[in-house]
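Take a look at the structure below.
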Amino acid sequence: MRKSIQFIILTCAVSWIIAGIAILLGLRDTKSWIYTVFAMGYMLLPAICAIILQIIHKEKPFRNLNISFKLNLWFLIAGIVPIITAFMALGINLLFPNVSFSTTLENLLPFLTEEQMEQAFEQFSRFPPVILILIQIINALVAGYTINAIFAFGEELGWRGYLQKALQEKKLMPVSVIIGTVWGLWHFPLILIGHNYPEHPIAGAGMMVIFCILLSPMMTYIVIKSKSVLTAAFFHGTLNAISGISIIFLAGGNDLTNGITGLSGFIALGLVNIIFYIYDKYITKENIFTKIIGEY
């Protein structure tokens, strides 16, 4: 438990200080390329903090952090689940009042500049929605297992590598709640300047914590089943790449209700977690959800 507390304090302190300095220096436009570069670097901080603590504790860097390249079915599932969840969020969102299917891209306005909107609309006008969706899926899988996975690994080596290992004497759900809460709070300074919730940054800070808590059980489960933190990076990378699909085809609603990080996404994530629980308890009968994660 001591190592987990050290990691949480160090990671949040270092990350918040760096983000705070960047914001004071003028980093406030989440639509700019400078912010994109900063956010990519920010994602690497949990891994850096984990390695620092390993060095302090005289452990070999990157050892015992569940890094395994031994492929299994869960490496594929890690990329499929985020895509299914994003489409579930889209479908659920269409059931909300005053929300409809649209190809006008109007819900991207808070997230993109005028120039980016023009480019996006030009690209979308070339293809029918079905083709666009297929392109998005292919792009998400490619990015999720390549460039996105590299930066997501920076986070996941910390969250589901070092921190999960430090909490191995606890059960899956308490571990997921702890990791999810810290993970959500870690985003705090970025959310306050408009990341993910540009229309509601204050409420968005709380929404991000809920989002990360809901994501954590299935990600923790996949890491346990695959025996590799790499699957968390693939899951995370694919989710980042496909998340836009849950808002680009919508008109109406707002950033608190729309998309994978909104209320519709929370419902979808809750349903997927229930599916994982049913699979674990009644199909495989391994009961991973109710056992100490260090047993696996």
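Throughout, read-outs are computed from the coordinates displayed, never taken from laboratory work. Just so you know, these numbers come straight off a predicted model, no measurement behind them. Ideal geometry is used to build each Cβ from the backbone, glycine not excepted, and the neighbour counts take in all protein chains shown.
Once you have a ≥ b ≥ c as the square roots of the Cα gyration tensor eigenvalues for the stretch 162-296, tell me rounded if a/c is under 1.5, and otherwise prolate or oblate according to whether a/b is larger than b/c. Prolate is the answer for the stretch 162-296, as a/c is 1.5 or above and a/b outweighs b/c. Annotation for the stretch 1-104: chymotrypsin sites (Phe, Trp or Tyr not before Pro) lying in DSSP loop with at most 10 further Cβ atoms inside 10 Å of their Cβ are Phe69. For the stretch 2-295, what does the alpha-carbon gyration tensor say about shape, rounded, prolate or oblate, given a ≥ b ≥ c as the root eigenvalues, a/c under 1.5 as rounded, and a/b over b/c as prolate? Oblate, because a/c is 1.5 or more while a/b does not exceed b/c. When the chain is described by a simple charge dipole with +1 on each Lys and Arg Cβ and -1 on each Asp and Glu Cβ, the residue from Leu27, Pro128, Met43 located farthest towards its positive end is Met43. Quick one: among Lys60, Lys227, Lys31, which has the greatest mean-square fluctuation in a GNM of the chain with alpha-carbon springs under 10 angstrom? It is Lys60. Once the chain from Ile5 to Ile52 is taken as fully extended at 0.36 nm per residue, the excess over their C-alpha distance is 15.5 nm.
Between the stretch 179-212 and the stretch 246-292, how many Å separate their Cα centres? Distance between centres, Cα-based: 18 Å.
When you restrict to C-alpha pairs under 8 Å that are six or more residues apart and normalise by the size of the stretch 2-295, the relative contact order lands at 31 percent.
Helical runs assigned H by DSSP (4 residues or longer) give the chain a calculated mean residue ellipticity at 222 nm of -20000 deg cm²/dmol, each run adding -39500 (n - 2.57) before division by the residue total.
Estimate the FRET efficiency between Met40 and Ile274 by the formula 1/(1 + (r/R0)^6), using the beta-carbon distance for r and 25 Å for R0, to the nearest 0.05. Numbers along the way, then the final one.
Values: r = 33 Å, r/R0 = 1.33.
Efficiency, rounded to the nearest 0.05: 0.15.
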